[in-house]
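Single-structure report; data block below.
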Number of protein chains: 2
Amino acid sequence: MTAAPLFGIILAGGSGTRFWPLSRSQYPKQVLRLLGSDSMLQSTILRLKDRIPLERLIVVTNAAQEEAIRLELYRKGLTGVQLLLEPQGRNTAAAVGLAAVLSAGLGEDGVLAVFPADHYVRRPDQLHQALDEGLKWTQAGYLVTFGIQPTRAETGYGYIQAGPALEPGGRALLCSRFVEKPPLELARAMLAEGGHYWNSGMFMFRRDVLLAAFRQYLPEFYRGLMRLRGGAQVEEVYADLPPVSLDHGLLEKAQRVAVVPVDMGWSDVGTWGALPDLFPRDARGNVILGRSLDLDSRDCVIYAQERLVATLGLQDLIVVDTPDATLVCPRERVQEVKELVAALGRRYPLELSQHLTVERPWGAYTLMESGPGYKVKHIVVEPGKRLSLQLHRHRAEHWVVVQGTALVTIGTQVQRLAGNESIYVPPSTPHRLENPGPEPVRIIEIQTGAILEEEDIVRLEDDFWRGPEASSPGDDSP
Amino acid sequence: MTAAPLFGIILAGGSGTRFWPLSRSQYPKQVLRLLGSDSMLQSTILRLKDRIPLERLIVVTNAAQEEAIRLELYRKGLTGVQLLLEPQGRNTAAAVGLAAVLSAGLGEDGVLAVFPADHYVRRPDQLHQALDEGLKWTQAGYLVTFGIQPTRAETGYGYIQAGPALEPGGRALLCSRFVEKPPLELARAMLAEGGHYWNSGMFMFRRDVLLAAFRQYLPEFYRGLMRLRGGAQVEEVYADLPPVSLDHGLLEKAQRVAVVPVDMGWSDVGTWGALPDLFPRDARGNVILGRSLDLDSRDCVIYAQERLVATLGLQDLIVVDTPDATLVCPRERVQEVKELVAALGRRYPLELSQHLTVERPWGAYTLMESGPGYKVKHIVVEPGKRLSLQLHRHRAEHWVVVQGTALVTIGTQVQRLAGNESIYVPPSTPHRLENPGPEPVRIIEIQTGAILEEEDIVRLEDDFWRGPEASSPGDDSP
């Protein structure tokens with residue numbers, strides 16, 4: 001067995017609609033800090049980086065989410081990873097195929113392990129051991145899956161039916177069948193029978209084995225990948241790739257597929273309904289997080305981000321409150337939240353795509369109010385950080401410092417602005433906001449003007465990765 | 001029969017906790033605009049004023065709600081009514097007794113009609129006819145009640161059992177018994193049997209007859225009223241009055257009590273559960289008001305004041321969303337909202353007492369954000385109105401005009417401030433904000449200072465009823 005270099009593909013393109021209103025299209029589930037101070041993506045990378053060096057980790061995401069993903073990497077000093085942008089989501093086969101042909105440094109027989117960016121793993125050491133076991137079988141030419149021992153008759157997961165062990169007394173098993181999300185009866189039968197595992201969505205294979213499988217089972221798809229390898233633009237190729245999952249399009253059809261059982265305290269954190277498995281429950285079975293008051297509810301999930309949520313006598317409900325949108329639905333229908341989010345689209349585009357608070361590499365801003373001819377924002381600049389040197393063609397800005405001391409550039413003038421001091425930024429004037437001090441600077445910004453388009457920003461100079469041309473539709477001032 | 005002058009007592013002291021979070025202790029149910037552009041109190045006065053002149057209408061309210069009540073009267077030009085302030089709520093017998101002894105112009109044999117300030121009446125003409133009928137029997141010495149024909153076995157109301165007609169073929173009946181809020185079985189039996197009416201909470205009697213009944217059935221209470229008539233301070237007397245309802249303390253014991261049935265399209269609008277009777281329902285039985293999106297809910301009340309409320313698959317639930325607090329509870333437990341509100345008290349005093357938007361005679365302000373050392377408010381000054389000339393000892397204010405043109409006084413300087421212009425108000429400097437123009441003036445105000453107590457306001461001059469000493473605890477700047 002050769003010590004082939006192990007590469008990790010982190011699938012971070014999910015839109016995470018099932019965690020709306022906490023997730024938004026520009027703030028998907030993988031960047032949520034649902035389970036602690038690190039986001040799902042950060043946790044995924046941090047649990048791998050001792051096993052797979054950062055430069056061999058490839059994060060595949062949707063171009064629309066680039067800003068949010070880069071920010072997550074930047075915040076934890078994880079910018080050494082490779083980032084591949086999909087022009088649009090085309091399911092997992094496309095994302096994995098893209099990484100297989102475009103990852104830098106990946107040899108013909110390099111080994112790729114695939115990880116969803118938004119799952120929870122309580123025992124990373126178990127994951128690492130399973131990767132070692134999997135690696136052995138990838139070298140023998142197997143496509144390797146990782147299976148979770150079921151603990152309940154879950155109908156929301158796919159299952160893998162295992163056959164005999166690949167070697168006598170060994171851990172890895174032959175994979176005999178994939179079962180899509182089953183009806184309850186079948187889920188119960190599989191649980192009772194044993195030998196069935198939840199499909200964790202983690203996979204592992206040699207690159208040449210994967211590409212051979214693509215050629216055999218998805219030949220058209222394979223030709224697309226070859227065009228990519230030949231230098232074709234991703235945008236050209238991607239639109240033609242069928243949006244098929246790696247499991248369904250490839251693994252279900254392949255012959256030599258292995259499953260490595262792994263007991264790593266796993267959850268896919270698929271919906272709000274997963275929270276009762278991940279958080280302590282109160283005496284009546286509720287998970288209640290944030291600013292809330294409950295009388296006599298049972299088996300509910302209540303998530304109050306900022307405002308007060310008062311509940312009384314509820315049963316098996318999900319209540320999620322964010323500064324601009326609230327969701328209420330029964331736990332048993334939580335899978336349908338994605339349909340609800342689809343219905344938001346035309347009527348409530350802002351609540352679909354963005355939060356009122358938008359994180360930036362220098363800090364964050366919160367849209368406090370928006371009216372005809374004006375916007376009010378709360379801007380936080382972290383210590384030592386500064387915004388880009390920028391100008392706006394159409395709007396003026398009034399800044400009032402309410403915490404810390406800012407260094408302010410307006411035109412050619414540079415001055416300090418302390419608490420309770422204010423300044424005016426005329427239109428078309430280059431300006432910059434900087435925090436030279438040890439505490440956060442907080443500024444209330446009042447924008448005025450007939451045109452307050454978010455795109456009205458010209459970046460003249462930036463400390464981060466954002467050039468004047470980098471402004472994406474949601475990438476607004478300041 | 002003499003044409004005794006008819007006076008109206010409007011009971012406007014309710015705390016309205018059952019409509020939280022739309023009602024607050026300083027913004028009780030009677031000032032809510034639940035059912036149209038007029039508040040419950042305004043509607044109550046407007047439906048009476050053609051029958052009872054304004055100066056003979058006495059609004060009795062709690063001193064803590066004076067500001068909110070005065071504002072409602074001011075807004076509709078109803079300031080001609082008499083206003084009596086209770087130092088604390090002591091139930092209806094005390095409020096009616098207070099009005100009976102302190103109303104200006106009320107003769108010994110004047111007739112008093114009592115109206116809750118927060119009920120709904122679809123057909124005021126029917127009410128007027130019933131008042132005429134009641135008046136006749138007050139002259140004959142009866143205590144008159146008004147009964148509503150039940151349409152369902154309601155357990156939330158009191159009932160009046162009627163006896164024989166007071167005159168052959170006449171409308172008014174002898175009242176034979178009062179029944180407190182009944183259990184369901186009894187409510188069903190009364191509905192089936194007939195001859196039982198919902199107690200509307202409206203009453204009518206000659207003043208001398210009322211006082212005689214007080215003397216006979218509540219002698220200690222009567223002595224308190226006589227002290228009041230003798231010039232004692234309300235504060236002294238009121239604390240000793242037992243908090244008893246007029247029905248329970250007096251009418252249930254009296255002999256000559258009449259009931260006038262009236263079919264006026266009445267609702268006491270007692271809880272959120274009353275809305276389905278007052279608003280059109282959608283095809284699935286929901287009343288959905290405001291900025292909301294629902295998939296497949298049934299028989300719910302969803303009230304979204306400002307932010308987006310998205311609901312999915314709910315059944316028989318109440319969801320009420322306001323800018324700073326959200327309520328979710330089952331319809332069948334809506335009576336318990338008052339217990340929930342009681343539980344709010346210590347932990348969430350602001351959400352109990354006030355809204356983020358506070359109405360003022362000159363317009364309104366909204367607290368947008370509050371942080372250490374600063375507050376941000378949105379101030380709206382209505383055309384032709386101005387705030388008091390005032391100063392603050394501890395805080396500075398930054399004003400940025402975002403709509404209209406304000407006339408601003410700072411110290412001895414008076415200047416115009418147009419859109420996109422800003423000005424600074426130093427501490428301890430007299431200042432005034434005025435709107436001389438035809439459109440509302442909108443200003444973003446940023447207050448800064450170590451002390452941002454709401455009580456830090458000295459009013460030097462005011463267009464309204466508020467002197468420098470009139471600042472109540474919740475009566476804050478500007």
What the Cα atoms of segment B:110-252 span along the principal axes, largest first and in whole Å, is 49, 33, 29
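Over 32 Å between C-alpha atoms is what I'm after, so list which of B:LYS136/B:LYS253; A:LYS49/A:LYS377; A:LYS136/A:LYS338; A:LYS29/A:LYS253; B:LYS29/B:LYS377 land there. Numbers along the way, then the final one.
On the way: B:LYS136/B:LYS253 22 Å; A:LYS49/A:LYS377 38 Å; A:LYS136/A:LYS338 39 Å; A:LYS29/A:LYS253 30 Å; B:LYS29/B:LYS377 25 Å.
Over 32 Å Cα-Cα: A:LYS49/A:LYS377; A:LYS136/A:LYS338.
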Taking 7 Å along the Cα-to-C-beta vector as the label spot, tell me the B:ARG188-A:LEU278 distance in nanometres, rounded to one decimal. 4.8
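Given just the C-alpha atoms of segment B:70-114, how large is their convex hull per residue in cubic angstrom? Don't jump to the answer; show the numbers that get you there.
On the way: hull volume 4.3 nm³, N = 45.
Measuring per residue, one finds 96 Å³ for the Cα hull of segment B:70-114.
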Mean per-residue count of partner chain Cβ within 10 Å for B:311-320 equals 4
Label distances, nm, A:ARG227 versus same residue in remaining copies, Cβ-directed 7 Å point: 9.5
Give the share of C-alpha pairs in each 20 angstrom bin for the protein assembly as shown, from 0 to the last occupied bin, in whole percents, shortest bins first. 12, 34, 30, 18, 6, 0
Label points for B:GLY345 built 7 Å along Cα→Cβ; distances to same position in the other copies, nm, shortest first, come to 5.1
How big is the dipole moment of the protein assembly as shown about its Cα centre under a simple scheme where the beta carbon of each Lys and Arg is +1, that of each Asp and Glu is -1, and everything else is neutral? Debye, nearest 20, please. 520
Can you figure out the FRET efficiency of A:ARG223 with A:LEU350, using R₀ = 45 Å and their beta-carbon distance, to the nearest 0.05? 0.65
Among A:GLY80, A:GLN216, B:LEU228, pick out the residue whose Cα is farthest towards the positive end of the charge dipole of the protein assembly as shown, where Lys and Arg carry +1 and Asp and Glu carry -1 on C-beta, about the Cα centre. A:GLN216
Please identify which residues in segment B:161-204 have an amide N closer than 16 Å to a label point set 7 Å out from the Cα of B:ALA140, following the Cα→Cβ vector. B:162-176, B:204
Need one number: nm distance between label points at A:VAL244 and B:ASP132, each 7 Å from Cα along Cα→Cβ, rounded to one decimal. 8.4
Within 10 Å of each Cβ in A:361-368, the average number of Cβ atoms from other chains: 1
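Roughly what % antiparallel, to the nearest 5, for the DSSP beta bridges in chain B?
Numbers: 71 of 104 bridges.
Around 70 percent antiparallel, to the nearest 5.
From the Cα trace of segment B:6-267, what convex hull volume per residue do you get, rounded to a whole Å³?
Working: hull volume 32.1 nm³, N = 262.
Per residue, the Cα convex hull of segment B:6-267 comes to 123 Å³.
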Could you list A:MET226, A:MET204 so that the one with the fewest beta carbons within 10 Å of its beta carbon is first and the one with the most is last? A:MET226, A:MET204
In whole angstrom, the spacing between the Cα centers of segment B:245-284 and segment A:232-310 equals 49
Which FRET efficiency value, to the nearest 0.05, do you get for A:VAL458 and A:THR79 by plugging their Cβ-Cβ distance into 1/(1 + (r/R0)^6) with R0 = 25 Å? 0.50
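Give me the dipole magnitude in Debye, nearest 20, for segment B:6-267 about the Cα centre, with unit charges on the beta carbon: positive for Lys and Arg, negative for Asp and Glu.
Roughly 280 debye, rounded to the nearest 20.
Please get the size of the charge dipole for segment A:272-352, origin at its Cα centre, with Cβ charges of +1 on Lys and Arg and -1 on Asp and Glu, quoted in debye to the nearest 20.
Working: 10 positive and 13 negative charges, 26 e Å.
Value, rounded to 20: 120 debye.
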Give the residue list of GluC sites (Glu not before Pro) in segment A:89-178 that are DSSP loop and have at most 13 other beta-carbon atoms within 10 angstrom. A:GLU108
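With each run of n ≥ 4 DSSP H residues scored as -39500 (n - 2.57), what mean residue ellipticity at 222 nm is computed for the protein assembly as shown after dividing by its residue count and rounding to the nearest 500 deg cm²/dmol?
Details: 22 runs with 204 residues, N = 956.
Value at 222 nm, helices only, nearest 500: -6000 deg cm²/dmol.
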Averaged over peptide B:342-354, how many Cβ atoms belonging to another chain are found within 10 Å of each residue's Cβ? 2
Averaging the inverse of every distinct alpha carbon separation and then flipping it gives the Kirkwood radius. What is it for chain B, in angstrom units? 24.5
So if we plug the beta-carbon distance of B:GLN415 and A:ALA450 into 1/(1 + (r/R0)^6) with R0 = 25 Å, what FRET efficiency do we get, rounded to 0.05? 0.55
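So if the hydrodynamic radius of segment A:284-335 is defined as the Kirkwood radius over C-alpha pairs, what does Stokes-Einstein give as its diffusion coefficient at 20 °C and 1.002 mPa s, in µm² per second? Kindly include the intermediate steps, with their values, before the conclusion.
Values: Rh = 10.8 Å.
Translational D for this selection: 199 µm²/s.
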Burial ranking of peptide ranges B:370-381, B:177-188 (average Cβ count within 10 Å, highest at the top): B:370-381, B:177-188
7 Å along Cα→Cβ, label-point gaps from B:GLU455 to other copies, nm, shortest first: 5.4
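Given an 8 Å cut-off on Cα distances and at least 6 residues of separation, report the relative contact order of segment A:272-352 as a percent. Intermediate results must be reported in sequence, preceding the final value.
Details: 143 pairs, mean separation 16.5, N = 81.
In percent, rounded to a whole number, it is 20.
Read-outs throughout are calculated quantities, based only on the coordinates presented, and are distinct from any laboratory measurement. In this text the structure is predicted, and so the values were computed from the model without any measurement. We place every Cβ from the backbone using ideal geometry, glycine too, and count neighbours over all the protein chains shown.
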